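Here's the structure, in structure tokens; my notes come after.
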Amino acid sequence: MTAPQVTAPDDCLARNEWICGKYLTTRSEILTDAVLQHLELTAVSVLIGLVLAVPLAVAARRWHWAAGPVLGLTTVLYTIPSLAMFSLLLPVYGLSAALVVAGLVLYSLTLLVRNILAGLRAVPEETRQAARGMGYGPIRLLLTVELPLAVPAAMAGLRIATVSAVSLVTVGAIVGYGGLGNLIYAGMNTYFKAQVLTASVLCVIIAIAADLLLLGVQRLLTPWQRGARG
């Protein structure tokens, strides 16, 4: 008497395959919500970090005594592990999206402040003197000369900070606000292969797309560099 043959399920979800087109079609709404949350957390964090980093870098450039404390503090913040950072901020923000945003803002400050400050320091002193000779005051000098010339270095820091934020958002899954990290975390707990792979690939795509977008913005903001390369 022969044993009955067991046939494999036709459904790739039932077979729990890594690559499964049916997962994309049946979970499209969940994936869309996760991607939008991921993008929102990343964008808000980096923008707030940029708003804070510019005055810190300007202060460090203008007053030499401020450079050490500013760079030292932001460097120390970057050395704190992400789980520990979220735990330290938990009493202040609770289990909320603000907790994730606050942590990512603190992490982004190191990359943004250092690169903006490097860009400001790289502005030739003769350029500043020429602008002052033309009657430029401190504010006008900063806005129309120093910051535009610091754009290449600043954008390099912004690109790195953005890609890092895309990665670190996933850690927010521990408090329920991790964008695609929520799907990765849940998929790993249940060994749901298609969900883990799809969410991970989408994270990579978001990081690459954000980097390319910022690179395009940098090229638009620095037309003199295109001319120099040509």
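The values are calculated or read from the model by the stated rules, or taken from the named source; none is laboratory data. What you see is a predicted model; the values in this text were computed from it and never measured. Every residue, glycine among them, receives a Cβ derived from its backbone with ideal geometry; neighbour counts consider all protein chains shown. Calculation scope for accessible area: heavy atoms of the full protein, side chains included, ligands and nucleic acids excluded. Shrake-Rupley method; radii C 1.70, N 1.55, O 1.52, S 1.80 Å.
How big, on average over all directions, is the shadow cast by the Cα convex hull of the range 9-83, in nm²?
So the Cα hull casts an average projection of 7.7 nm².
I'm spelling it out carefully: the read-out is Rg/Rh (Cα atoms, Kirkwood Rh), the candidates are (1) 0.96; (2) 1.08; (3) 1.15, and one was derived from this structure. Which label?
(3)
How many angstrom separate the Cα center of the range 32-51 from the Cα center of the range 62-97?
19 Å
Over the range 87-126, with every protein chain in place, what whole percent of the accessible area is carbon and sulfur at 1.4 Å, could you tell me?
With neighbouring chains kept in place, the figure for the range 87-126 is 66 percent.
Which helices of the chain meet both criteria: a Cα extent of 15 Å or more along the helical axis and a mean Kyte-Doolittle score no lower than 0.5, with helices taken as whole DSSP H segments?
Those that clear 15 Å and a mean of 0.5 are 28-62, 64-79, 82-93, 97-121, 151-169, 180-190, 193-221.
Is there a quick way to get the dipole size of the chain? I mean about its Cα centre, with the Cβ of Lys and Arg at +1 and of Asp and Glu at -1; what is the value in debye to the nearest 20?
So the magnitude is around 840 debye.
Taking 0.36 nm per residue of sequence separation and subtracting the Cα-Cα distance, how much length would be gained by fully extending the chain between Ala84 and Trp18, in nm to one decimal?
In short, 20.6 nm is gained.
What number, in percent, do you get for the relative contact order of the range 122-230 if the mean sequence gap of Cα pairs under 8 Å and at least 6 apart is divided by its residue count?
With pairs under 8 Å counted, the relative contact order is 24 percent.
For Thr32 and Gln129, what is the calculated FRET efficiency with R₀ set at 45 Å and r taken between the beta-carbons, to the nearest 0.05?
Rounded to the nearest 0.05, the efficiency is 0.25.
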